[in-house]
Amino acid sequence: MKEVAKYLIKVDAEFKDGQIVPEIPFEEVMRLVNEPNIVIIKTGIPEETLRSVISATRAWADKTPAAEGPDTFDNNQHKQRLHIAKIQQAPQLFHDHTFDAILDLEEPTKQTLMKVFTPLRQFWNNLTGNNEEYGIRKDGPFFHPQVTHYPLGGSFFGRHWHPLNPQKVGTILALNQYGKDYNSGGTGYVINDHIVETEGYQDMGDIILFRYDLPHWVSPSSFADRFSWEDPAGRWVAILPFYDPWAKPADKDEPQGWKAQIQTAKNAPTEAVV
Ligand SMILES: [Fe+2]
């Protein structure tokens, strides 16, 4: 375990029998997340497994027409998003592939995606003390496994946040490599008025963990490149949101309640001011 920047902690892990096993107990990881810090878990998931998720997702999207209407939360769909969120006013430009019905995918797509989404699900269960399975529910929260592509040339996701519960901890798994597959863009956070940019700190196979009510964003891919929805180049991540799509959405005011839970003011007074 190592603090690589203010509020940014790297934790080693082993990928053993398809499970992500961190070098410190899950409770300790969650203590760091809740302090709050951004925690990067070096999962050790093999490169081949990660890259196969990108290629399987692309092959699936090629034969599946992009969704256009409002999200229905009862299927597998992909959508090219260029939009400003209604309540939080967060602008966004990216291509998401959301597998609410992941159990209904055809083989071999399902098996390929599960090589990453089963360890992610178990890891989140271990962190939060849950024992949740995949599958759509009409009466409560369920998983919305997603593979997100941030194309070159200006894709991004503006500052936004989520209710803390039931997710508690957000998970972002890098499916490809910064500095090789893409050269700009990464997730940013604000903690105690200090900006934490993870761009360049997250390698392929690393999972970023963050307290779900922290304001966060995705910094843009470089405008020096030409934008194209068709070009698969750019940053690819796998995320695992867990929420009830019919519950009340997050408020338009940013949550500040977590500030009261910070036990110690870590390090010196904050430098950057939002
Ligand atoms: Fe988010």
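According to the calculation over all Cα-Cα pairs in region 1-153, the P(r) per 5 Å bin from zero is 2, 8, 14, 17, 18, 18, 15, 7, 2 %. Taking every alpha-carbon pair in region 66-209 and binning the separations at 10 Å intervals from zero gives 9, 35, 42, 13, 0 percent. Segment PHE156..THR49, full-extension length gain: 36.0 nm, with 0.36 nm per residue of separation and the alpha-carbon distance subtracted. On full extension, the segment bounded by ARG31 and MET1 gains 9.4 nm, given 0.36 nm per residue less the C-alpha separation.
Taking all Cα pairs closer than 8 Å and separated by 6 or more residues, the relative contact order of the chain comes to 22 percent. Which trypsin sites (Lys or Arg not before Pro) in region 82-132 sit in a loop by DSSP (not H, G, I, E or B) and have at most 13 other Cβ atoms within 10 Å of their own Cβ? Hits after loop and neighbour filter: LYS86.
Please give the calculated 222 nm ellipticity per residue for the chain, where each DSSP H segment of at least 4 residues contributes -39500 (n - 2.57) and the sum is spread over every residue; nearest 500 deg cm²/dmol? Calculated from helices alone, the mean residue ellipticity at 222 nm is -5500 deg cm²/dmol. 3J(HN,Hα) along region 39-51: 10, 10, 9, 7, 6, x, 4, x, 3, 4, 5, 5, 5 Hz, from the Karplus curve 6.51 cos²θ - 1.76 cosθ + 1.60 with θ = phi - 60°, whole Hz, x for Gly and Pro. In this simple spin-label approximation, GLU23 and ASP193 carry label points 7 Å from Cα along the Cα→Cβ vector, and these lie 3.4 nm apart.
Taking every DSSP bridge with both residues inside the chain, close to 90 percent are antiparallel. For the chain, taking the reciprocal of the average inverse distance between every pair of different Cα atoms yields a Kirkwood hydrodynamic radius of 19.0 Å. Computed extension gain for LEU103 through ASN125, at 0.36 nm per residue and net of the alpha carbon distance, reaches 6.1 nm. For region 121-148, the residues whose amide N sits under 15 Å from a probe point set 7 Å from the Cα of PHE15 along the beta carbon direction are 121-123.
Rule-based calculations on the coordinates, nothing more; no lab input. Source: prediction; values computed, not measured. Here the Cβ is made from the backbone with ideal geometry for all residues, glycine too, and neighbour counts use every protein chain on show.
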